């Protein structure tokens, strides 16, 4: 039946309808029920295909539909006009279906008949989509459900659905040029707080309402990080309809499977890979949203040449496989299809950045993820805890575990050793780990498909297999080849049946598809290890250069010559792809490493001389490193680690932690320092290079300083030339530095200019300390201009930089526009009232700054009043420090008025001003209304008794203040009594500081009485308050009942022996005091002994100071020993 006859048969419903298969019913004689049933069927057809109509109908096809419905008189011109005016295409189609459904069956019949008789691809897509996509999803699920077992989704807390990709601006030089393991080491698994995170479900969505979905998405990650796992997870979720339901077809290709293909077209590739799809044209139709996945670009042997590839835009035209992939990514072929490419970073860089719309990176495991993984899979018999403890003790193994695939391998190997019942020590190096891994895989079972073989024959078979695999691994590594065909295996003497034995299955992964069968090593690092075993064994008998696979090369005899040759090739490799190979080669010289391989490799006797020689050879290479410490040089330190030759490594690490590297940074030390910044989180997170650097050493270490988190470069006498170097460091895309301290150097405005240029592009730095430099007003302006653009920095310290009024005004301009800065320190910068006024104006609109330090300037009352006015508008500033600014009662009047209105300020520092009694009274009035202020410092403000009494009256009712500093205020017992009475009712103050006030015994007695009732005070500072024995006895009596005071400072008083005795007795019952300072209190030997013997009781003391009490050296030793014996957890200064 041709299409016209088919259409006529559909439309001739006034006479007949089909009933079941071949039975017809005359409608003219039927009841109205049959007619109603027919109408329902037609409405059901529209409802069934409505989603497809909305998705696939194009503008041109809609025009054809409307024209046809007008021609058959089932659509009026008015209805057609209303449909076209409906807005978007989907709205128009939606209105069409609504109109057709609302009419009699003839309208829906005409629509159905037209579509079913049309030969357009859109019509075929509408009719066949449901059945096609159902079949496609069934096939994909059948294929990808098999591979679920080792995906990290098997651990619920690490499920990919709950994890995120990192959005990156592009690939850095480091990612493009360095070894995968080097990348993982410096990124600590890849989590960088400044990068935006993106869930897999949103990977192909627009980022904003006005942007378009990406056409080409690139996801990078090092080998074993889980790129294929993420792809599989996405495909499974799409098939189940839980992810990206708006994508109509997902077409996954594993690129290593395409290596055996030569010339073919896009449509033929689709037919070969997905034979169940009826017509490639339907899937590739521009009405469809189709996603093409190219997984594993790094395993694609053909070189992608985007500049010279022949253009092709015909999906039926046959071209070479590399040109086909290139044209699809470029958009010449299948321009309407979305493309998702996964790859290791180095190969991904071959794709021009302009062709990629979105670049994401897969982060590795964090230390917390590793713990979750171990607890989920290895929880029996406390294995997870034991494995974790081993990783913490050996940081190089922890670094490897950031890669999920290696984490599996390592944990299984350690578990195997622990369960074996032998007394073997656990592996400490990567080489030892892989030696045990291979040994484990060789011992697990016998070859499948054959009769059990004798142990000796089994070892011989494994030796042969491992030798051939090693040769394949080595020569493939030199060619950057990581996937293999069956033909490749046979070429290296590998029996395919042997690959099914335990060792073969353990080290090789076999992947089958409709196109090709491929093999690869379990992980890239395993290929590098096996390559090293081949080279190690072969170099002892080879007479030609092993780096030439043919025998036509210069003679090279002796292991040491071959060993030197390997390092020469490694140092010359720009991409670092031989780094791990030479690490393993070095590690194989350790007898403990070779022990597990004894039955697998043909090994001769080893007297340890080669290990000693290799150690000397590596040290000679370290000494000859160039002026800049490159990653090739750092790899030499990795080799020392594998050789277990760690004296130099331990020495540098100890010096770094103690901050004692000054004068010791020779070239080998610099290289080892670079190594420590890679493998030790403690060293990189707090890198203290204070007082030990100069221009040459900074230049030498510069590439490695990129990977620090907190970099301390204080007191290095740095000048502007060094700042140029550090500016380039902070401008690098690979920079990981989050905090940098350049305090106590001699940086001028030129150095500040270099720093400001870096801040314009840097996205990681959050805190910078420039304390005690000389940047001046010009330098402050340079930094201000950068801070207007910078969106990362949250804290800057400009203390003592002579920025003056001009510099302060520049910084004030920053506060009006910058929305990231949280903390600003401008202490001691000769800022006057003018600068303060500009800052105050900025604070009225700024809503991000929470801490402002303006101590030791020249604000005076005018500047203080201006800041006070700003506080009536600003309720986000939490801390304001105005110490030493010549503030009198006038300034205090304005400030206290503001405090009555302000509800944000938490901490106020007014030390060393002159607010006097009137200022104190004004503050008291403010405290009666303000309950948000928590920390108030009024040290050295000439308050006298009258002022403190006013404040005491306020804190009887205030419920916000938690700490109050009143040192050096000429306070006597009268005001102390008022404070003590206030403490009887106050329930919030936790710290009271009355140091250096002459309150005497009487004042201390008043406070002691208050302590018997008060339950909030945690710290009481009474240094130098002229207290004697009676005051100490009263305080001791209070301590027997008070169970909340934790710190008591009685330095510089005259407690004496009797006072010490009373305090000692109170310690026997007190359970709260943690710190007691009795320095310089004339205790004598007897008083100190009373305190020491008291510690035998049940106490909580963690610190006690008995210095300056006339005890003498011999007495000090006796007392110190007694305290340590009775209270080993207590720190004693004596």
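Among the residues of segment 296-337, those identified as more than 37 Å from the chain's Cα centre (by Cα) and farther than 21 Å from residue 271 by Cβ are 308, 309, 310, 311. Segment 579-698 holds helices (runs of 4 or more DSSP H) entirely within its bounds, and those carrying 1 or more residues that are without any contact (Cβ under 8 Å) to a residue 40 or more places away in the chain map to 591-594, 609-623, 631-642, 647-658, 667-679, 681-685. Only one entry in 519, 535 is outside any strand (DSSP E or B) and either outside the structural domain of residue 600 (by TED's automatic domain parsing) or closer than 16 Å to residue 468 by Cβ (or both), namely 535. For segment 906-928, the set of residues classified as in contact with a helix residue (DSSP H, G or I) (Cβ under 9 Å, 6 or more places away or on another chain), assigned to a loop (DSSP other than H, G, I, E, B) and surrounded by fewer than 22 Cβ atoms within 10 Å (Cβ to Cβ) consists of 914 only. Within segment 677-693, the set of residues being on the phi < 0 side of the Ramachandran plot and either at pLDDT 90 or above or surrounded by fewer than 21 Cβ atoms within 10 Å (Cβ to Cβ) (or both) comprises 680, 681, 682, 685, 686, 687, 688, 689, 690, 692, 693.
Kindly indicate whether any position in segment 562-569 is in contact with a helix residue (DSSP H, G or I) (Cβ under 8 Å, 6 or more places away or on another chain) and assigned to a loop (DSSP other than H, G, I, E, B).
No - not one qualifying residue is present in segment 562-569.
When segment 941-966 is filtered for residues that are in a loop (DSSP other than H, G, I, E, B), crowded, with 21+ Cβ neighbours inside 10 Å and either at positive phi or touching a strand residue (DSSP E or B) at 6+ places or on another chain (Cβ under 9 Å) (or both), the ones remaining, listed by number, are 961, 966.
Of all the listed residues (1043, 1100), the sole one being assigned to a loop (DSSP other than H, G, I, E, B), farther than 24 Å from residue 1000 by Cβ and at pLDDT below 90 is 1100. Anything in segment 742-793 that is out of contact with any helix residue (DSSP H, G or I) (no Cβ under 9 Å at 6 or more places or on another chain) and in a loop (DSSP other than H, G, I, E, B)? List them, or say none. Listed by number, the residues that qualify are 743, 744, 763, 766, 771, 772, 791.
Annotation: residue 574 fulfils all but one of (1) in a helix (DSSP H, G or I); (2) assigned by TED's automatic domain parsing to the domain that holds residue 528; (3) surrounded by fewer than 18 Cβ atoms within 10 Å (Cβ to Cβ); (4) modelled with pLDDT under 90; the unmet one is (1). Considering segment 212-239 alone, what residues qualify as being surrounded by fewer than 22 Cβ atoms within 10 Å (Cβ to Cβ), in a loop (DSSP other than H, G, I, E, B) and touching a residue at least 24 places away in the same chain (Cβ under 8 Å)? 213, 214, 215, listed by residue number. Looking at 1091, 1119, 1111, 1123, which is the one that is crowded, with 20+ Cβ neighbours inside 10 Å, modelled with pLDDT under 90, within 52 Å of the chain's Cα centre (by Cα) and under 23 Å from residue 1024 (Cα atoms)? Every option except 1091 fails the conditions.
Would you mention how many residues in segment 838-880 are under 12 Å from residue 812 (Cα atoms) and touching a strand residue (DSSP E or B) at 6+ places or on another chain (Cβ under 7 Å)?
Applying the first criterion (under 12 Å from residue 812 (Cα atoms)) to segment 838-880 yields 838-846, 849, 852.
Going one step further and asking which of them are touching a strand residue (DSSP E or B) at 6+ places or on another chain (Cβ under 7 Å), we end up with 849, 852.
Of the residues in that region, 2 qualify.
Residue under question is residue 306, and the condition is that it be buried (at least 16 other Cβ atoms within 10 Å of the Cβ) and in the same structural domain as residue 215 (by TED's automatic domain parsing); does it hold? The answer is no for residue 306.
Residue-by-condition table, conditions (1) in the same structural domain as residue 481 (by TED's automatic domain parsing); (2) without any contact (Cβ under 8 Å) to a residue 12 or more places away in the chain; (3) assigned to a helix (DSSP H, G or I); (4) surrounded by 22 or more Cβ atoms within 10 Å (Cβ to Cβ):
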| site | (1), (2), (3), (4) |
| --- | --- |
| 324 | no, no, yes, yes |
| 329 | no, no, yes, yes |
| 336 | no, no, no, no |
| 346 | no, no, yes, yes |
| 350 | no, no, no, no |
| 369 | no, no, yes, yes |
| 372 | no, no, yes, no |
| 375 | no, yes, yes, no |
| 386 | no, no, yes, no |
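Just one of the listed residues (445, 353, 421) is modelled with pLDDT under 90 and at positive phi, namely 421. Of the residues examined, residue 1066 is not one that is over 49 Å from the mean Cα position of the chain (by Cα), crowded, with 17+ Cβ neighbours inside 10 Å and on the phi > 0 side of the Ramachandran plot.
Every residue in segment 992-1010 that is buried (at least 21 other Cβ atoms within 10 Å of the Cβ) and touching a strand residue (DSSP E or B) at 6+ places or on another chain (Cβ under 8 Å), please. Listed by number, the residues that qualify are 992, 994, 1007. Taken together, the criteria exclude residue 304 from residues that are in a loop (DSSP other than H, G, I, E, B) and at positive phi. Among the conditions (1) under 21 Å from residue 474 (Cα atoms); (2) more than 34 Å from the chain's Cα centre (by Cα), residue 575 misses just one, which is (2).
Looking at the structure I just gave you, is residue 987 buried (at least 18 other Cβ atoms within 10 Å of the Cβ) and more than 30 Å from residue 795 (Cα to Cα)? Criteria not met by residue 987.
The values are calculated or read from the model by the stated rules, or taken from the named source; none is laboratory data. None of the values given here were measured: they were computed from a predicted structure. In this analysis, Cβ positions are derived from the backbone assuming ideal geometry, glycine residues included, and neighbour counts consider all displayed protein chains.
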